[in-house]
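These notes concern the structure reproduced below.
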Amino acid sequence: MTAMLPPGSTIGILGGGQLGRMSALAAAALGYRCHIYAPEDNSPGMQVAAARTVAPYTDAAALARFAAAVDVVTFEFENVPAATLDALAPLVPCRPGVAALRIGQDRIAEKRFFEQAGIPVGPWRAVHSLEDLQAGIAELGLPAVLKTTRMGYDGRGQAVLRRPEEAAEAFERLAPHPLILEAFIPFAKEVSAIAARGVDGTVVTFDAVENRHAHHILDLTFAPALVAESVAHQARAHVAALATALELVGVLALEMFLLPDGTLLANEMAPRPHNSGHWTMDACRHGQFELHMRAVAGLPLPEPGRHADSVMKNLVGPESFAAWPRLAAAPDVALHLYGKAEARPGRKLGHATRLLPCGTLANTSEPDLLAPL
Ligand code: AMP
């Protein structure tokens with residue numbers, strides 16, 4: 001493939017969720033077609049894409065047809081089997097490649113990769129057996145967090161251990177093994193940062209943000225994070241270093257814990273656009289989905305150019321979705337709905353981003369910031 005994918009080319013996206021939908025919309029603005037490949041029909045991404053394949057990720061014949069129909073492949077869903085990218089890679093460029101996918105799918109590989117890249121992490125132990133867990137608890141102390149290493153997202157597949165007696169039950173309940181035991185981090189804030197890296201190795205980063213969770217699901221993102229300049233700089237430097245170490249082409253999000261003394265510890269990464277970057281669609285000249293599609297298509301990566309402060313609120317489940325008519329009418333609120341057929345509890349159905357003039361986030365009380373959301 002030549003460096004820049006010409007307009008009219010087709011970008012293949014594995015996964016049909018809202019991240020694929022917003023990527024496809026951004027790709028369309030750049031003159032590209034998107035072909036979504038996902039196991040479920042009528043997925044949010046397919047509703048706005050030029051072409052679709054409804055097939056399991058393990059269907060070799062469907063994958064070969066998909067590869068022949070697209071010019072480049074990316075993924076929006078991090079639990080796409082690595083074998084799917086292995087099957088596609090000889091046929092079509094895959095951006096990011098399978099290495100980033102593999103590392104992002106395994107919390108133990110991820111922690112090791114952070115350490116190799118020089119990014120601090122909290123104390124952790126791999127847990128293959130109940131004896132490992134008991135030894136880990138003795139070393140790290142309690143409370144501690146026991147997590148599955150694979151297929152965990154939005155807080156699923158984890159348990160906070162507060163007493164030694166809780167260990168055996170949690171070890172049995174959480175699957176598949178191995179698990180990972182992490183020291184409980186008494187963080188002051190949860191911070192994340194996003195980088196985009198191009199085929200030529202250029203890296204640009206978005207402002208670091210603060211995230212708040214409700215029931216283990218992202219609820220609010222405050223952009224920029226109200227943290228010391230040095231912390232914001234460090235967060236961006238960490239994600240940029242990681243994108244470079246991964247030789248990633250595309251967008252990468254890094255979630256971190258900020259300690260009261262200003263230290264940032266990496267928690268997890270996602271080698272794809274991320275919910276904590278949805279604010280960038282409206283508060284930056286070039287949002288995360290545009291930069292992801294640019295990277296995948298081999299286009300130059302401009303600086304994001306943030307032109308507003310913002311607060312992003314996720315619309316999760318039917319109760320929060322019910323607010324959409326009010327949000328649609330609110331001034332300076334950008335509303336994005338994902339076209340999901342069913343408003344099940346706990347499902348991300350859309351988000352709303354309140355835009356404010358640059359510099360006002362720091363001078364506005366939280367109730368005032370959140371009032372329109
Ligand atoms: P994760 O799935 O790793 O993103 O974890 C979901 C949420 O659980 C995080 O956003 C934190 O709020 C909390 N959490 C996860 N790991 C830890 C930890 N080691 N210490 C304290 N809180 C944690």
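The values are calculated or read from the model by the stated rules, or taken from the named source; none is laboratory data. Note that the structure is a prediction, hence the values are computed from the model and not measured. Cβ atoms come from the backbone with ideal geometry, glycine included; neighbour counts cover every protein chain shown. These accessible areas exclude ligands, DNA and RNA; they are computed on the full protein's heavy atoms, side chains included. Shrake-Rupley method; radii C 1.70, N 1.55, O 1.52, S 1.80 Å.
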Quiz item: How much length is gained if the chain between ASN79 and THR58 is pulled fully straight, taking 0.36 nm per residue apart and subtracting their Cα-Cα distance, in nm to one decimal?
Solution: 6.3 nm
Quiz item: How far is the Cα center of segment 1-72 from the Cα center of segment 159-197, in Å?
Solution: 34 Å
Quiz prompt | Cβ-based net charge around GLU182, under 9 Å, with every Lys or Arg adding one and every Asp or Glu removing one | solution = +4
Quiz prompt | Estimated FRET transfer efficiency when R0 is 45 angstrom, pair GLN47-ASP261 (beta carbons, to 0.05) | solution = 0.45
Quiz item: Picking from LEU252, LEU315, LEU161, which is most flexible by a Gaussian network model of the chain using Cα springs under 10 Å?
Solution: LEU161
Self-check item: Estimated [θ] at 222 nm from DSSP helical runs (n ≥ 4, -39500 (n - 2.57)) normalised by residues in the chain, nearest 500
Solution: -8500 deg cm²/dmol
Quiz item: When averaged across all projection directions, what area in nm² does the alpha-carbon convex hull of segment 189-370 cover?
Solution: 10.6 nm²
Exercise. Using a 1.4 Å probe and counting only protein heavy atoms, arrange TYR37, TYR57 so the residue with the most accessible area comes first.
Key: TYR57, TYR37
Exercise. Compute the distance in nm between two label points, each set 7 Å from the Cα along the Cα-to-Cβ direction, one at ALA343 and one at ALA175.
Key: 3.5 nm
Quiz prompt | Å³ per residue enclosed by the Cα convex hull of segment 276-332 | solution = 101 Å³
Quiz item: Tell me, what ³J(HN,Hα) does each residue in segment 25-31 have, in order and in whole Hz, if you take phi through Karplus 6.51 cos²θ - 1.76 cosθ + 1.60 with θ = phi - 60° and put x for Gly and Pro?
Solution: 5, 5, 5, 4, 5, 8, x
Quiz item: Once amide H atoms are built 1.01 Å from N in the peptide plane, which residues 5 or more positions from GLY122, or in another chain, come under 5 Å H to H?
Solution: ALA266
Quiz item: Based on the Cα coordinates of segment 267-369, what is the per residue volume of their convex hull in Å³?
Solution: 145 Å³
Quiz item: segment 125-273: Rg/Rh from Cα coordinates, Kirkwood Rh?
Solution: 1.01
Quiz item: For all pairs of alpha-carbon atoms in the chain, what percent lies in each bin of width 10 Å, listed from the first bin to the last filled one?
Solution: 5, 23, 33, 27, 11, 1, 0
Quiz prompt | Stretch gain in nm, segment ASP332-ALA69, where the contour uses 0.36 nm per residue and the Cα spacing is subtracted | solution = 90.7 nm
Quiz prompt | Distance between segment 100-147 and segment 301-330 - C-alpha centres, whole angstrom | solution = 34 Å
Quiz prompt | Fraction of antiparallel bridges per DSSP, the chain only, in percent to nearest 5 | solution = 80 percent
Quiz prompt | HN-Hα J in Hz across segment 301-318 - Karplus 6.51, -1.76, 1.60, θ = phi - 60°, x for Gly and Pro | solution = 10, x, 4, x, x, 5, 10, 8, 7, 7, 10, 9, 10, 7, 9, 10, x, x
Quiz item: LYS313: which lysines have alpha carbons under 22 Å from its alpha carbon, excluding same-chain residues fewer than 8 sequence positions away?
Solution: LYS189, LYS340, LYS348
Practice problem: Quantify how much of the Cα-Cα distance distribution of segment 123-183 extends past 19 Å, in percent. | Solution: 14 percent
Quiz item: Residue by residue through segment 266-279, which ³J(HN,Hα) values in whole Hz follow from phi under the Karplus form 6.51 cos²θ - 1.76 cosθ + 1.60 (θ = phi - 60°), with glycine and proline marked x?
Solution: 5, 9, 8, 10, 9, x, 5, x, 9, 3, 6, x, 5, 4
Exercise. Kindly give the semi-axes, whole Å and largest first, of the ellipsoid equivalent to segment 204-303, taking each as the square root of 5 times a Cα gyration tensor eigenvalue.
Key: 22, 16, 13
Quiz item: About its Cα centre, how strong a charge dipole does segment 10-94 have in debye, to the nearest 20, once Lys and Arg get +1 and Asp and Glu get -1 at the Cβ?
Solution: 240 debye
Self-check item: Leading residue at positive end of dipole, the chain (Cβ point charges), from THR53, HIS177, GLY16
Solution: THR53
Quiz item: How much net charge surrounds ALA87 when only the other residues with a Cβ under 13 Å from the Cβ of ALA87 are counted, with Lys and Arg +1 and Asp and Glu -1?
Solution: -1
Quiz item: Which order do PHE289, PHE257 take when ranked by solvent-accessible area (1.4 Å probe, heavy atoms of all protein chains), largest first?
Solution: PHE257, PHE289
Quiz item: For ALA323 and ASP219 in one chain, what is 0.36 nm times their gap in residues minus the Cα-Cα distance, to one decimal in nm?
Solution: 36.0 nm
Practice problem: Using only Cα atoms, figure out Rg for segment 135-221 and give it as a multiple of 2.2 N^0.38 Å. | Solution: 1.38
Quiz item: Once amide H atoms are built 1.01 Å from N in the peptide plane, which residues 5 or more positions from ASP219, or in another chain, come under 5 Å H to H?
Solution: ARG212, HIS213, ALA214
Quiz item: Nearest 0.05, what FRET efficiency do ALA245 and MET4 give at R0 = 22 Å with Cβ-Cβ as r?
Solution: 0.30
Quiz item: In percent, what relative contact order does segment 123-183 have, based on Cα pairs under 8 Å that are 6 or more apart in sequence?
Solution: 51 percent
